[in-house]
Structure formats: structure tokens, C-alpha cells
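The values are calculated or read from the model by the stated rules, or taken from the named source; none is laboratory data. Bear in mind that the values here come from a model prediction, so they are computed numbers and not experimental data. FYI the Cβ positions are ideal-geometry reconstructions off the backbone, even for glycines, and counts take in every protein chain you see.
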Amino acid sequence: MTSATLVPRLRTDLAAAHFSVPGLTGLWGIDADAALRRNQRVPAQRALAVLAAKLGRNEPAATLARLFLLGDAVPRADLDAALPTLGAVGAAELGLVAADGSADVCPLVDLRPYSFIDAHGAGSWWIVSDLGELALGHPLGETHVLGIGGASRTLSGLMMPTAVERALDIGTGCGIQAMHASRHAEQVVATDISVRALELAALNAELNEIDNIEFRFGSLFEPVAGERFDHIISNPPFVITPRAEGVPSYEYRDGGMVGDALVEAVVRGAADHLTPGGVVQLLGNWEYHDETDAFERLERWLTPGALDAWIIEREVQTPGEYAETWIRDGGTRPGPDFDRLYNAWLNDFEARGVGRVGFGYLLLRLPDAASTLGAAPGLRRLERLPDALGHNPAGLGAHLAECLAAHDWQAATDDARLLRTNLTVASDVTEERHYWPGQSDPTLMTLHQGSGFGRSVPLDTALAGLVGACDGDLAVGAIIGALAQLLDADEPALAAELLPKVRALLVDGFLTFPDPV
């Protein structure tokens with residue numbers, strides 16, 4: 001039998017078994033679910049054992065979970081019952097299990113349900129990747145194909161949902177970003193340096209009936225030389241790894257370059273592969289050298305005038321913290337090997353003068369000279385946002401797109417037009433006021449953003465009055481005129497003070513501008 005025959009059978013059996021995120025949570029409960037996220041499987045194993053004893057049988061979803069999520073061997077008969085149309089033989093032909101004729105079968109891959117919400121609505125898929133540390137019980141292999149981790153979820157949540165013709169996923173891994181991009185792009189090209197990753201990514205696309213992704217082998221932009229895309233996304237192998245003997249170079253996270261050179265290569269190469277108005281979104285690390293601000297290095301990566309850039313640093317780690325994070329990520333536990341790798345990381349950072357490592361999001365855009373906004377000032381924004389984000393059940397992608405649109409609108413709008421515009425406070429914005437006991441006037445006023453980046457902005461009396469009056473009925477100029485009378489202020493001077501703040505509130509999503517007629 002061929003993949004074209006076997007994969008539909010697998011899909012049918014997984015659906016019939018209710019092998020889903022809510023289905024599994026229902027089997028072992030929320031506490032075991034939380035333990036699995038901490039890489040602990042014992043609570044789930046115990047819950048499934050209790051369920052089997054109570055029912056006198058193994059539920060199909062329980063068998064599949066034991067095998068593919070927990071890494072347990074299961075009786076061949078149980079797998080045949082859980083996958084009635086595919087069977088253990090078909091699962092072995094697909095490379096999912098090892099079935100050598102014994103009574104038990106063992107997993108060769110991780111296969112799990114995945115659910116999400118994005119701007120297009122709720123969705124669910126099944127994702128195949130290599131077995132993780134929880135199932136293996138030992139460090140990962142260097143050719144390991146990673147499943148869905150925290151970084152994967154972060155990037156998919158950042159993905160702007162704007163409909164485009166062509167999208168590119170660099171370093172596709174198990175294919176999860178390409179699959180998300182397929183929801184807003186007519187065609188997706190996904191690349192990787194790992195043949196196995198491309199094979200598993202293609203299997204995931206087929207299993208989930210996604211047919212608009214083309215998979216190509218190669219590094220970075222090499223497989224798409226001469227091509228341009230409307231949207232490029234990448235969770236690249238950006239982890240800074242010592243180039244030293246005995247240090248594993250995991251394909252899924254290590255691009256084989258020194259320091260943060262791989263992220264620099266993506267940034268510098270992006271402009272040649274974007275259509276006008278096209279956007280790149282990626283995650284990355286950047287180094288702080290000898291107390292130099294990393295943003296100065298990022299600025300040097302950005303060719304002046306070539307790309308708009310919005311870079312957000314979410315976290316900064318010391319060399320020790322960084323080493324601990326990524327040594328543990330590879331499955332190495334504290335002990336002699338851990339210490340040896342720890343020293344290798346610290347030696348590398350010390351030799352290259354690295355004092356800190358930043359992590360965050362990069363959004364780059366090729367300006368569209370043909371658009372009406374072509375003459376507007378470009379976007380160049382580098383900021384640090386280490387605090388908790390707002391409430392974004394469908395991710396940040398739509399918010400990012402709205403912020404870009406707001407930036408472009410206000411950049412192309414002169415003060416005279418802005419004064420004639422009716423603005424509205426965004427629906428997630430609240431105002432907080434603090435008073436001294438017994439006093440009628442507030443001592444502190446702050447605007448809070450409930451979604452997006454969860455920003456807070458301090459208010460003075462004039463700005464609070466303006467924002468409070470932005471209900472869409474009055475133009476900004478009329479509001480400023482009324483405030484000038486109330487505050488006994490010079491109207492032109494008040495406008496000059498408030499309009500830059502209004503522009504900032506628009507760009508950050510506190511205020512919204514009217515849709516074009």
C-alpha cells in the first residue's frame with residue numbers, strides 16, 4: 001500500500017477514536033495534562049491505568065496516547081483495535097511504529113492532536129514529529145525533528161492573517177508554520193535542511209488535508225533563489241551554539257553559524273525575496289557585545305531605507321541562563337555532561353565578548369513605492385516589552401496587522417487632516433484613576449490596553465479629556481478646541497502638544513481611525 005492509501009485510513013481512525021485535545025484531557029484530567037506540559041508522564045499513565053481497570057478495556061484514544069505521547073509499548077491487538085482500518089501493519093508501513101512480529105508494538109514517532117484559535121477561527125490538526133525526551137528517556141539526537149513547542153506557538157500566534165498569494169516558511173521543521181500560513185496564503189513554499197523534517201512535514205500536510213504547500217530542501221533562501229513572496233515566516237535554527245568539539249548541533253535549532261549570524265543572514269537577505277509591501281516575521285536571538293546595546297547591532301543589520309522594521313525584545317538572559325536553557329532543551333540533565341556543555345557555552349560567550357543574549361520578535365516589511373503611502377515616513381521601531389501580554393485568544397497577528405495599518409495611515413495623514421478626523425477608543429481600552437482619600441481630582445491616570453501587547457500609557461488632564469471624548473462623533477480638532485476652552489489653554493499650542501500623542505495612541509492600538517470610504 002502507498003502513502004496515498006494509508007494516510008486517509010490513519011485520518012479516519014484518529015477521528016473515530018476521538019484522538020483530540022479535549023478528548024485526551026477528558027481521559028486523564030487537567031492535572032495530568034498540566035504535568036505533561038512539565039514533561040512528566042506518570043500522572044497520565046496512572047490515570048489511563050485507572051480508566052482501563054474501571055472499563056475492563058483500553059479506549060482507542062488511550063491506546064494511541066500511551067503509544068505516541070507517553071512512549072509506552074502497547075499490545076498489537078490494542079493498536080489494531082485503536083486503528084481498525086489502518087492496523088498495526090499499516091502504521092508500521094507509514095513508519096509510525098516498530099512491529100517486528102512480537103506481541104507489542106513500540107512508537108517510532110510522536111503523534112498528537114493540536115488545537116488552536118486564529119483570526120480565521122478555531123482549528124485542530126494531528127502533528128507527527130520525532131519522539132521527545134519524555135518518551136525517549138535520554139537526550140535528543142542531533143537530527144531530531146521537533147514537534148510543537150513554545151516557540152512554535154509564539155510564532156503562529158504572531159502570524160499576520162492578511163490574505164496573500166505566496167508565503168514562504170524557512171526552516172519548516174514538522175511543518176506547523178507552513179500549515180498555519182496555508183490558511184491565509186494561496187500557495188506556501190516550505191524549506192528545511194533536514195530531509196526527515198521535510199518528509200514529516202509533508203506527512204502532516206497530507207494527514208490534515210492541506211494541499212497548497214510545496215516542500216523544498218535547502219538552507220535559508222537558497223531553495224527560492226530569484227523568487228519573491230508576500231509573507232515570509234520563520235522560526236529559524238537561531239540558537240547560539242558553541243562551535244566546539246563534543247557540543248551537539250541539533251538541526252532543529254542550530255544553523256551551524258557563529259553567534260547570532262543566522263538571524264543576521266535572514267534579516268539581510270529578506271529584501272531580495274519580498275514583493276512590494278511584503279512582510280517577514282521571525283523569532284530570533286541577538287547578542288550584547290561588551291556591554292554594547294544589541295539594538296545598535298540590529299540597526300546595522302538593517303540596510304538604510306531598504307526595509308521597514310519593528311523589533312520587539314521580550315527577554316534578556318545572562319550567558320549562564322542561556323546555556324542552562326538550551327542544554328536542558330536538548331535533554332541533558334544535570335551531571336558531568338551538563339557541566340561540560342555549560343563550560344563550552346560560557347567559554348564561547350567569554351571569548352567573543354558576549355555579556356547578554358536577547359530574544360524576541362522581528363517584523364520586517366519591504367515598502368510599497370507604488371502605493372499612496374510610498375512617500376510616508378518608514379517604520380523603524382525597536383523596543384523592549386518584557387511584561388505580560390494582553391488577552392489574545394486568537395494570537396497577536398491581527399493586532400500587528402492593525403498596528404501596521406494605523407502606522408501607515410497616520411504617517412500619510414498630515415495634522416490638518418488628522419484634526420478633521422473622528423477617532424474612536426478601541427474596545428479593549430480602560431482608564432484607571434488614583435485618588436488621595438477625600439480628594440476630587442485624580443493624582444494618577446493611566447490608559448490600559450486589554451489585548452495586544454497589554455500596554456499602559458500615563459495620562460495628563462488634556463490627553464485624558466481627548467481620549468474620553470473619542471467616541472467617533474467629534475473630530476479631533478473639535479475636541480481639542482473644547483479642551484482649550486475648558487483648560488484656558490492656547491488652542492494651537494494644545495494641538496501641537498496632543499497630536500503627536502494621538503499618533504502614538506493610534507499606532508499602539510488605543511485609538512482607531514475610520515475605515516476608508
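Would you check if there is a residue in segment 233-247 being more than 26 Å from residue 346 (Cα to Cα), of a type outside the set (S, T, N, Q) and part of a strand (DSSP E or B)?
Yes, because at least one residue in segment 233-247 is more than 26 Å from residue 346 (Cα to Cα), of a type outside the set (S, T, N, Q) and part of a strand (DSSP E or B).
Quick one: which strands (runs of 3 or more DSSP E) sit completely within segment 82-134 and have at least 1 residues that are touching a Pro at 6+ places or on another chain (Cβ under 8 Å) and modelled with pLDDT under 95?
104-107, 110-118
Looking only at segment 231-254, which residues are touching a Lys or Arg at 6+ places or on another chain (Cβ under 8 Å) and closer than 15 Å to residue 177 by Cβ?
Result: 231, 237, 238.
For segment 256-286, enumerate the residues that are without any contact (Cβ under 8 Å) to a residue 24 or more places away in the chain and either crowded, with 20+ Cβ neighbours inside 10 Å or over 20 Å from residue 142 (Cα atoms) (or both).
Across segment 256-286, the qualifying residue is only 261.
Sort out which residues of segment 434-449 are without any contact (Cβ under 8 Å) to a residue 24 or more places away in the chain and under 19 Å from residue 501 (Cα atoms), and write them in order of number.
444, 445, 446, 448
Can you name the number of the only condition in (1) in contact with a helix residue (DSSP H, G or I) (Cβ under 6 Å, 6 or more places away or on another chain); (2) part of a helix (DSSP H, G or I); (3) modelled with pLDDT of 90 or more; (4) surrounded by 18 or more Cβ atoms within 10 Å (Cβ to Cβ) that residue 322 fails?
(1)
Residues checked against (1) in a loop (DSSP other than H, G, I, E, B); (2) touching a Phe, Trp or Tyr at 6+ places or on another chain (Cβ under 9 Å); (3) polar (S, T, N, Q):
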{"residue": "18", "(1), (2), (3)": "yes, no, no"}
{"residue": "30", "(1), (2), (3)": "no, no, no"}
{"residue": "40", "(1), (2), (3)": "yes, no, yes"}
{"residue": "57", "(1), (2), (3)": "yes, no, no"}
{"residue": "62", "(1), (2), (3)": "no, yes, no"}
{"residue": "70", "(1), (2), (3)": "yes, no, no"}
{"residue": "79", "(1), (2), (3)": "no, no, no"}
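For residues in segment 163-181 being assigned to a helix (DSSP H, G or I) and of a type outside the set (A, V, I, L, M, F, W, C), which is farthest from residue 237 (Cα to Cα)?
Applying the filter and picking the extreme gives 180.
Got a sec? Which of 275, 292, 303 is modelled with pLDDT of 90 or more, in the same structural domain as residue 158 (by TED's automatic domain parsing) and among the hydroxyl-bearing types (Ser, Thr, Tyr)?
Selected residue: 275, the only one of 275, 292, 303 that is modelled with pLDDT of 90 or more, in the same structural domain as residue 158 (by TED's automatic domain parsing) and among the hydroxyl-bearing types (Ser, Thr, Tyr).
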